[in-house]
1. Kindly indicate the residue of the stretch 129-146 that is surrounded by 10 or more Cβ atoms within 10 Å (Cβ to Cβ) and at pLDDT below 80 and also farthest from Thr94 (Cα to Cα) among those meeting that condition.
2. Return the residues of the stretch 159-192 that are within 30 Å of Asp82 (Cβ to Cβ) and either of a type outside the set (Gly, Ala, Ser) or not assigned by TED's automatic domain parsing to the domain that holds Gln205 (or both); say none if nothing qualifies.
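The values are calculated or read from the model by the stated rules, or taken from the named source; none is laboratory data. Quick caveat, the model's predicted, so the values are computed rather than measured. So basically every Cβ, Gly included, is an ideal-geometry build from the backbone, and we count neighbours across all protein chains shown.
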Amino acid sequence: MIFEGETTPAPTPAPTPPKRRRLRDILKPYPNLTTFLFNHQFWTSSGSKSHNDRNALRDVIVCEDFHPSDLRGVNFEAIEKDLRQTGGSGWHETLLTIRVPKGVKLTKATKRAAATEQSRLQHGEPSTATLAKPVPGAPITICDFQHQRFGDIIRETFASDPAAHSFHYHPYELKWTPPGSDSEERGHGELYTSQAWLDEDAKIQSLTLDPTEMDQEVP
């Protein structure tokens with residue numbers, strides 16, 4: 001129902017469907033899901049073994065997507081070299097242009113004006129200074145600037161950094177019951193306790209993957 005003077009709200013645009021990718025493209029250069037799971041467990045386990053490391057290895061072996069025969073003849077050194085050169089956090093060159101402020105050259109007139117302004121402020125008088133226009137900087141171009149991509153660094157950290165075994169891969173709701181109260185309150189702090197992370201994790205957990213089909217599409 002629309003009353004007089006009101007306008008019809010614009011229709012909400014339909015959400016853009018997520019781009020789907022093949023499992024083969026996601027795992028590349030790993031030839032199959034088994035080799036990825038095996039190498040991921042190797043790199044994320046700690047240097048000194050613990051019960052958690054043993055349980056993690058057991059979980060990989062008993063995973064329904066893990067097939068020991070897929071490991072036969074796999075050259076993991078070659079895969080990791082490929083990751084460093086193409087998909088890892090390799091160095092890239094780009095042309096970078098920055099602007100260096102020129103500043104304002106002080107003259108006798110500007111020095112006198114600054115001294116007068118300072119004297120007025122010291123005597124509690126209102127300021128008469130006007131905002132100066134920004135001075136454009138001088139462009140300086142840096143050739144062959146070496147840099148790394150944030151996405152590459154994040155992927156390599158999750159795949160090969162021993163500290164990654166202590167990362168929070170699974171989100172959870174943080175709840176707290178105030179003293180003297182019977183009701184819980186939702187806590188918000190780290191990203192892995194956020195609703196957005198919980199929603200995305202639910203989508204991932206609901207996926208059904210066929211480890212024998214490398215060309216299947218994954219949203």
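1. At the first step, the residues of the stretch 129-146 found to be surrounded by 10 or more Cβ atoms within 10 Å (Cβ to Cβ) are 129, 135, 137-138, 140, 142, 145-146.
When the remaining residues are screened for being at pLDDT below 80, the result is 129, 135, 137.
Values: Ala129: 43, Val135: 27, Gly137: 21 Å.
Ranking the candidates gives Ala129 first.
2. Applying the first criterion (within 30 Å of Asp82 (Cβ to Cβ)) to the stretch 159-192 yields 159-170.
Hits for the stretch 159-192 are Asp161, Pro162, His165, Phe167, His168, Tyr169, His170.
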